[in-house]
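A.B. asks: Mind having a look at this structure? Questions to follow.
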Amino acid sequence: MTRWLAVAVCLLSMVSPSALAFDEAYPSRSVRLIAAAAPGGNPDVLARLLAYKLSEAFGKPFVVENVPGAGGIVAAKSALASAPDGHVLMLGDSGGMAINVALNPDVGYNPLKDFTPITALATVPTVLVINAGVAAQTLDEFVRLAKSQPGKLTYGSAGYGSVHHLTMALFAERSGIDLLHVPYRGGTALVNGLLTGEIQAGWSGIPNVLSLIEAGQLRALCISILKRSPSMPAVPTCAELGYDGFDIATMIGLQASAGLPEPIVARLQAAVAKALREGDVAERMRTLGIDLQENGTAQYRQFMQDDLARYQDAARRLKLNQTKAQ
């Protein structure tokens, strides 16, 4: 017994007192919480809720800084330039951490090596909607219509390389249809294009189109994930309609620059998990069609690897690259 006690004491002595003090002192000042979105976007709304909860939990201000631009690339580079001490965090999503990297390998960072994935926060599905004047009531009818007019029906996206673009590109490949892509500058312009009939179809975030669907101005055909959304329970999933395994959503997660000490990662994970379980957060996210997630570094890192691999494979197969957006 004495021998094992001596071993335990020896191991404990190897833990750096400065590291323990650093952990206990965290955060020693205000924390920048970078949201890779303009004010009002889903990452921004989630960031502000989270900042409020984390400020309460840690007793220091967590201040949201909106850094939109280039599908998350500008925010990622801003976070990457910070010291790995937990005083700069980022809410990044699949755009900056997977899609843009897949479309442009020279983006300037490696999401799997240059960042510490702290925890996943939420998944954001999209819904396939069509202009109410399109002669299709169901997904099957829309696919048949598109096949009868190859290259004639148009679909919009929030920009080349956006999740809306990639989701339709993958669905078109899966269903064997040929549509004409019309990239817009953002989701609002995409919805306006649908309403005016400038385009016939598009994948959109749920909050942008829910009231329009309920008013009959747009028609919802299917949702992009494997389970129905509580925000629109009557809308089936693509998998239900014969597209087994079709499951595409934007993952929003919390990251820091690479090298963030494990004790700080653990403290942030615990505080975030508690925040995500609180009723006001869950209700607000439900109204936005967002599914809250809760997992640690290992699970989130695995998702990031799988997400990047999926879009890299899609970019190769579909011959997509960022130069086509120029």
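A.B. asks: How many percent of all Cα-Cα pairs in the range 124-164 sit more than 13 Å apart?
C.D. replies: Percentage above 13 Å: 61.
A.B. asks: Also, quick follow-up: Just to be sure I understand: of the beta bridges DSSP finds with both ends in the chain, what percent are antiparallel, rounded to 5?
C.D. replies: The antiparallel proportion sits near 60 percent.
A.B. asks: Also, quick follow-up: On a 29 Å Cα-Cα criterion, which of the cross-link pairs Lys152/Lys319; Lys77/Lys319; Lys77/Lys152 come out too long?
C.D. replies: Violating the 29 Å limit, Cα to Cα: Lys77/Lys152.
A.B. asks: Give the peptides 139-148, 65-74 in descending order of average Cβ contacts within 10 Å, highest first.
C.D. replies: Highest to lowest by the protection proxy: 65-74, 139-148.
A.B. asks: What is the chain's relative contact order, in percent, from Cα pairs under 8 angstrom and six or more apart in sequence?
C.D. replies: This gives 24 percent for the chain.
A.B. asks: If you don't mind, another one. Please label the shape of the range 111-257 as rounded, prolate or oblate, based on the square roots a ≥ b ≥ c of the eigenvalues of the alpha-carbon gyration tensor (a/c under 1.5 means rounded; beyond that, a/b larger than b/c means prolate, else oblate). Don't skip to the end; give the middle numbers.
C.D. replies: On the way: a/c = 1.64, a/b = 1.59, b/c = 1.03.
The shape class here is prolate.
A.B. asks: Right, next: Could you tell me the center-to-center distance, by alpha carbons, between the range 195-257 and the range 25-79 in angstrom?
C.D. replies: 26
A.B. asks: Shifting gears a bit: For the chain, with every protein chain kept in place, what is the accessible area per residue (1.4 Å probe, Å²)? Walk me through the numbers on the way to the answer.
C.D. replies: Values: 14620 Å² over 326 residues.
That works out to 45 Å² for each residue.
A.B. asks: Of the peptides 169-178, 228-237, 245-254, how do they stack up when ordered by the mean number of other Cβ atoms within 10 Å, highest first?
C.D. replies: Highest to lowest by the protection proxy: 245-254, 169-178, 228-237.
A.B. asks: Which one, Met251, Ser175, Tyr311, projects farthest toward the positive side of the charge dipole computed for the chain from Cβ point charges (K/R +1, D/E -1)?
C.D. replies: Tyr311
A.B. asks: Something else: So for each of 117-126, 149-158 I average, over its residues, the number of other beta carbons within 10 Å; can you give me the resulting order with the highest mean first?
C.D. replies: 117-126, 149-158
A.B. asks: Now for a different question. Using unit Cβ charges (K, R positive; D, E negative) and no other charged atoms, how large, in debye to the nearest 20, is the dipole of the range 140-227 about its Cα centre? Spell out each step's value before the answer.
C.D. replies: Working: 7 positive and 6 negative charges, 16 e Å.
Computed charge dipole of the range 140-227: roughly 80 debye.
A.B. asks: Compute the helix-to-body angle for 163-175: its Cα long axis versus the longest principal axis of the chain, expressed 0 to 90° and rounded to tens.
C.D. replies: Approximately 60 degrees, to the nearest ten.
A.B. asks: So, one more: Using alpha carbons only, how many degrees (0 to 90, rounded to 10) separate the axis of helix 139-148 from the longest principal axis of the chain?
C.D. replies: 60
A.B. asks: Given Cβ point charges of +1 (Lys, Arg) and -1 (Asp, Glu) and nothing else, what value in debye, to the nearest 20, does the dipole of the range 248-315 about its Cα centre take? Display every interim value, and only then the final one.
C.D. replies: Details: 7 positive and 9 negative charges, 30 e Å.
For this selection, approximately 140 debye.
A.B. asks: Could you work out [θ]222 nm for the chain from helices alone, using -39500 (n - 2.57) per DSSP H run of at least four and dividing by all its residues? Round to the nearest 500 deg cm²/dmol.
C.D. replies: Calculated from helices alone, the mean residue ellipticity at 222 nm is -13000 deg cm²/dmol.
A.B. asks: Using the Cα centre as the reference, give the magnitude of the dipole from point charges on the C-beta atoms of the range 179-248 (Lys, Arg: +1; Asp, Glu: -1; all else neutral), rounded to the nearest 20 debye.
C.D. replies: Dipole about the Cα centre, nearest 20: 120 debye.
A.B. asks: What are the aspartates and glutamates whose alpha-carbon lies under 16 Å from the alpha-carbon of Lys227, with same-chain residues fewer than 8 places away excluded?
C.D. replies: Straight-distance partners of Lys227: Glu240, Asp244, Asp247, Asp291.
A.B. asks: Leaving out ligands, DNA and RNA, and with a 1.4 Å probe, what % of the accessible surface on the chain is carbon or sulfur?
C.D. replies: Carbon with sulfur: 56 percent of the solvent-accessible area.
A.B. asks: So for the chain, what are the equivalent ellipsoid semi-axes in whole Å, largest first, each being the square root of 5 times an eigenvalue of the Cα gyration tensor? Each step should come with its number before you reach the end.
C.D. replies: On the way: eigenvalues 332, 80, 66 Å².
Value: 41, 20, 18 Å, ordered largest first.
The values are calculated or read from the model by the stated rules, or taken from the named source; none is laboratory data. Please read all numbers here as calculations on a predicted model, not as lab measurements. Counting neighbours? That spans all protein chains shown, and the Cβs are built from the backbone with ideal geometry, glycine included. These area figures cover heavy atoms from the full protein model, side chains too; ligands, DNA and RNA do not enter into them. Shrake-Rupley method; radii C 1.70, N 1.55, O 1.52, S 1.80 Å.
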